[in-house]
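Encoded as structure tokens, the structure appears first; notes follow it.
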There are 2 protein chains.
Amino acid sequence: MKLVRQLSTADAGFDAEFERLRFWSAADDAAIEARVAEILADVQQRGDAAVLDYTARFDRVKADSVGALEITQADLQAALAAIPSAQRDALEAAAKRVRTYHERQLQACGLSWSYRDDDGNLLGQKVTPLDRVGIYVPGGKAAYPSSVLMNAIPAHVAGVGEIIMVVPTPDGVRNPLVLAAAAVAGVHRVFTIGGAQAVAALAYGTATIPRVDKITGPGNAYVASAKKHVFGQVGIDMIAGPSEILVIADGTTPPDWVAMDLFSQAEHDELAQSILLSPDAAFLDAVSASMDRLVQEMPREAVIRASLAGRGALILTRSMEEACEISNRIAPEHLEISAADPQRWEPLLRHAGAIFMGAYTSESLGDYCAGPNHVLPTAGTARFSSPLGVYDFQKRSSLIEVSAEGAQALGRIASTLAHGEGLQAHARAAELRLR
Amino acid sequence: MKLVRQLSTADAGFDAEFERLRFWSAADDAAIEARVAEILADVQQRGDAAVLDYTARFDRVKADSVGALEITQADLQAALAAIPSAQRDALEAAAKRVRTYHERQLQACGLSWSYRDDDGNLLGQKVTPLDRVGIYVPGGKAAYPSSVLMNAIPAHVAGVGEIIMVVPTPDGVRNPLVLAAAAVAGVHRVFTIGGAQAVAALAYGTATIPRVDKITGPGNAYVASAKKHVFGQVGIDMIAGPSEILVIADGTTPPDWVAMDLFSQAEHDELAQSILLSPDAAFLDAVSASMDRLVQEMPREAVIRASLAGRGALILTRSMEEACEISNRIAPEHLEISAADPQRWEPLLRHAGAIFMGAYTSESLGDYCAGPNHVLPTAGTARFSSPLGVYDFQKRSSLIEVSAEGAQALGRIASTLAHGEGLQAHARAAELRLR
């Protein structure tokens, strides 16, 4: 039996089958939400004591004080010094590229601007970094050092005053690569706490853990629920769904390369989604054969099989144009244009977290070190949201300085509209400035 | 009795009193949330039929079809033609200035960019407009035509394909200024529906109302709860709290002007907050006297009195610098620097939705026609969020094109890090591109 189903857009039942494959819903779990609401309220009331209790209960880590759960900068540097030099070099090289890209982003879209109009009024926008942010890093099997870089470096480039990382350490086991990454990324403080209690501590502050202005980073269902709950009190990034890749191929890429790119998404977890679209039927067959052969060499074979069986597909399209249309319907997190002339197809693609162009651009290069962020909108949210970036760690203030001259012209307009809305004090405030 | 309390930062109990005044909490109302969840589920299931039922029940507007609740472009143009010419001129002048400012914003921070690094890799970000957005406009007393301009024009400038406005019309009463503003702002379609049912229709789509990608605009507690609920399914803007103004004055502005600026916030509603900070005690007394005198002329006197009694304050500070520090603690929605040299103080101010500089720059000029947006972060959320802008109606996609050369250097880094994370397919995908 083939590892992954093949479909054709020409099939009678294609649309229904495709909808079924795509379906994913962040089911709101009422039990989780109720439990999270309790934890949040408890941390808000009891502060450090509640954080200690939950950390002892859920992570089996006992401490006398939350201060004892902090990892010092010296410990972070020690972790960096202790890992193999190849890993250290790779972390530092990746961090450098990620930093360079985000510095370009700051220059391109993160600077203050202003202008004066003909009446001498100054108008503009002042861009400033957030004072303090919290970065949630999952513990256990999904503890990815690359995610530390991808969350902390944009914050650093934005000029955030203090970056506080929380990472649960179940049974007290610390991941040295994660700590090394925190050292490389310039994280200011690290606490070994997690779950809803960590989100609460960051959102409300405790005696030991300072309140932050925004919380980013992925987590389990409890963390996601807690982030959604504190949204408004603090800023949050998007709630992430399962990871997904869509490859549009014209048939010119070696089939093994495309097969492995599909695997690299499927190996994340059983709900991850890997889809290939191509107008070349023979190429789909070749990729399918590559997958059947290569999967046997994969240490995470079982996860890959489950993911592909549940949500994977190789889809024959009528044309490259139709493949682009389908991609726009999906708004994929990762989109590879594995084609000889990717620049030809890129303008047709309206929604995607990241677009990887050309056969050499495997998603994995982007995941680790090309420079752009790997925190991307999932589950179709690329229709309205963006990769994590420097802009997520900045905010803007409008700047308005109206001249005596300008107040005459603007005052008359404002007065008329304010009276129209029945807001007479608004009108009078404008009228008082008229000569 | 004085209209508004006076405090001094030198008072023993200042911090506690100030905290008490500042306190506001978006109390989660479980009854509202449960009701909203029902309405959302019903609209998701029954579509148009549910929308018609709720519109008949809550707004007392009966229609045979949702199509009958749509206001045509011809009707919008007729509304524009029918209003007094002074109002039409003011609307058009305001729209022109708002459009110009947001076009500058697009140029300053809303364009695609890319660069090639030394290995010939292309890196960048593609910025694209949202396909379709929904704008919620409240009905009844808080139906502000200026808000139609402030929501629709940035969407228009961003290049959004379709702007759909919903506005409830209780008892079938339409606000002609709101419809005229929709015509001026270039809204594409208008439906006379409101409440949680309108948010649901926009978020999920019905047979008649197309699904949108993002919903912006203010509303009552039901609308706010519905927006928070559908967040993730669609994008939303910030949930708004009560409006607030903070004035920092050096004593050089005519006291009547400052008094009226404080009123123009207080007249919104009883929870609105107006605060004046100044190191000049005589000036505070003069403003207080102005307020006591001027309030009697105000048509919305009762609301102003209630708002100032509950949440207003004139605060004596030790210095202008201390006033700026207090402002940073508040992160006000509207911040006036009513001083002879506002440029001196502006750099000290880190958090604010909008900064109005100099005596001539009344907040009301910004509310209507200076150009910047009047949808601003409230309740301290200026710590981490920004005015509504063109960027809210765009999203970004990372662009990565790795050259054959680049894949060699990047592949080795990615492979090392992927193995470190136990993601072997990621590593293999990079390694396959190595020569």
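The values are calculated or read from the model by the stated rules, or taken from the named source; none is laboratory data. Just so you know, these numbers come straight off a predicted model, no measurement behind them. Don't worry about glycine lacking a Cβ; one is built from the backbone with ideal geometry, like all the others, and counts go over all protein chains shown. Quick note on the areas: whole protein, heavy atoms, side chains included, nothing else; ligands and nucleic acids left out. Shrake-Rupley method; radii C 1.70, N 1.55, O 1.52, S 1.80 Å.
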Restricting the stretch A:392-435 to residues that are more than 7 Å from every other protein chain (Cβ to nearest Cβ) and open to solvent by 30 Å² or more (accessible area, probe 1.4 Å), the residue that is farthest from A:ILE163 (Cα to Cα): A:ARG435
For A:ALA302, indicate whether it is open to solvent by 10 Å² or more (accessible area, probe 1.4 Å), without any contact (Cβ under 8 Å) to a residue 12 or more places away in the chain, small (Gly, Ala, Ser) and assigned to a helix (DSSP H, G or I). yes
For the stretch B:349-362, give me each residue that is under 17 Å from the mean Cα position of the chain (by Cα) and either surrounded by fewer than 23 Cβ atoms within 10 Å (Cβ to Cβ) or more than 7 Å from chain A (Cβ to nearest Cβ) (or both). B:HIS351
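Every residue, every condition in (1) open to solvent by 60 Å² or more (accessible area, probe 1.4 Å); (2) without any contact (Cβ under 8 Å) to a residue 60 or more places away in the chain, yes or no:
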residue	(1), (2)
B:ARG46	yes, yes
B:GLY67	no, no
B:ARG97	no, no
B:TRP113	no, yes
Kindly indicate whether B:LEU316 is away from chain A (no Cβ under 14 Å), over 26 Å from A:ASP131 (Cα atoms) and modelled with pLDDT under 95. no
Quick check on the stretch B:198-210. Is at least one of its residues on the phi < 0 side of the Ramachandran plot and in contact with a Cys (Cβ under 8 Å, 6 or more places away or on another chain)? no
For the stretch B:196-222: of the residues being surrounded by fewer than 24 Cβ atoms within 10 Å (Cβ to Cβ) and part of a helix (DSSP H, G or I), which is modelled with the highest pLDDT? B:TYR204
Condition check: in contact with a Pro (Cβ under 9 Å, 6 or more places away or on another chain) and not assigned by TED's automatic domain parsing to the domain that holds A:VAL98. Does A:LEU388 satisfy that? yes
Among (1) open to solvent by 30 Å² or more (accessible area, probe 1.4 Å); (2) among the polar types (S, T, N, Q); (3) within 14 Å of chain B (Cβ to nearest Cβ), A:SER290 falls short only on (1)
I need the full set of residues from the stretch B:223-273 which are closer than 25 Å to B:LEU149 by Cα and assigned to a strand (DSSP E or B), in order please. B:PHE231, B:VAL234, B:GLY235, B:ILE236, B:GLU244, B:ILE245, B:LEU246, B:GLN273
In the stretch B:61-88, what residues are more than 8 Å from every other protein chain (Cβ to nearest Cβ) and not aliphatic (A, V, I, L, M)? B:LYS62, B:ASP64, B:SER65, B:GLY67, B:GLU70, B:THR72, B:GLN73, B:ASP75, B:GLN77, B:PRO84, B:SER85, B:ARG88
Looking at (1) free of Cβ contacts under 8 Å to residues at least 40 places away in the same chain; (2) more than 24 Å from the chain's Cα centre (by Cα), find the lone condition where A:GLU346 falls short. (2)
Take A:GLY366 and tell me if it is at the interface with chain B (Cβ under 8 Å from one of its Cβ atoms), over 29 Å from B:ALA425 (Cα atoms) and part of a helix (DSSP H, G or I). no
Over 28 Å from A:ILE239 (Cα atoms) and either in a helix (DSSP H, G or I) or without any contact (Cβ under 8 Å) to a residue 40 or more places away in the chain (or both) - does that describe any residue in the stretch A:387-397? no
Anything in the stretch A:147-157 that is within 12 Å of chain B (Cβ to nearest Cβ) and open to solvent by 10 Å² or more (accessible area, probe 1.4 Å)? List them, or say none. A:SER147
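Condition check ((1) touching a helix residue (DSSP H, G or I) at 6+ places or on another chain (Cβ under 6 Å); (2) within 30 Å of A:LYS228 (Cα to Cα); (3) of a type in the set (Gly, Ala, Ser)) across all residues:
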{"site": "B:SER8", "(1), (2), (3)": "no, no, yes"}
{"site": "B:ASP15", "(1), (2), (3)": "no, no, no"}
{"site": "B:ILE39", "(1), (2), (3)": "yes, yes, no"}
{"site": "B:ARG46", "(1), (2), (3)": "no, yes, no"}
Subset of the stretch B:115-146 (residues that are small (Gly, Ala, Ser), buried (at least 24 other Cβ atoms within 10 Å of the Cβ) and more than 9 Å from every other protein chain (Cβ to nearest Cβ)): B:GLY134
Which of the following residues is surrounded by fewer than 17 Cβ atoms within 10 Å (Cβ to Cβ), hydrophobic (A, V, I, L, M, F, W, C) and farther than 25 Å from A:HIS268 by Cβ: A:ALA108, A:ALA81? A:ALA81
Of (1) part of a loop (DSSP other than H, G, I, E, B); (2) modelled with pLDDT of 95 or more; (3) among the β-branched types (Val, Ile, Thr), B:THR378 satisfies every one except (2)
Somewhere in the stretch A:160-182, is a residue open to solvent by less than 20 Å² (accessible area, probe 1.4 Å), of a type in the set (Gly, Ala, Ser) and within 11 Å of another protein chain (Cβ to nearest Cβ)? yes
Has the stretch A:107-119 got at least one residue that is part of a helix (DSSP H, G or I), touching a helix residue (DSSP H, G or I) at 6+ places or on another chain (Cβ under 7 Å) and within 30 Å of B:GLY353 (Cα to Cα)? yes
Taking the stretch A:1-55 and keeping only residues that are among the hydroxyl-bearing types (Ser, Thr, Tyr), modelled with pLDDT of 95 or more and more than 20 Å from A:LEU284 (Cβ to Cβ), one is left with A:TYR54, A:THR55
Per the filter on the stretch A:305-320, residues closer than 13 Å to A:ARG5 by Cβ, open to solvent by less than 30 Å² (accessible area, probe 1.4 Å), part of a helix (DSSP H, G or I) and touching a Lys or Arg at 6+ places or on another chain (Cβ under 9 Å) are A:LEU308, A:ARG311
Output the residues belonging to the stretch B:1-44 that are exposed (fewer than 11 other Cβ atoms within 10 Å of the Cβ), within 28 Å of the chain's Cα centre (by Cα) and outside any helix (DSSP H, G or I). B:PHE23, B:SER25, B:ALA27
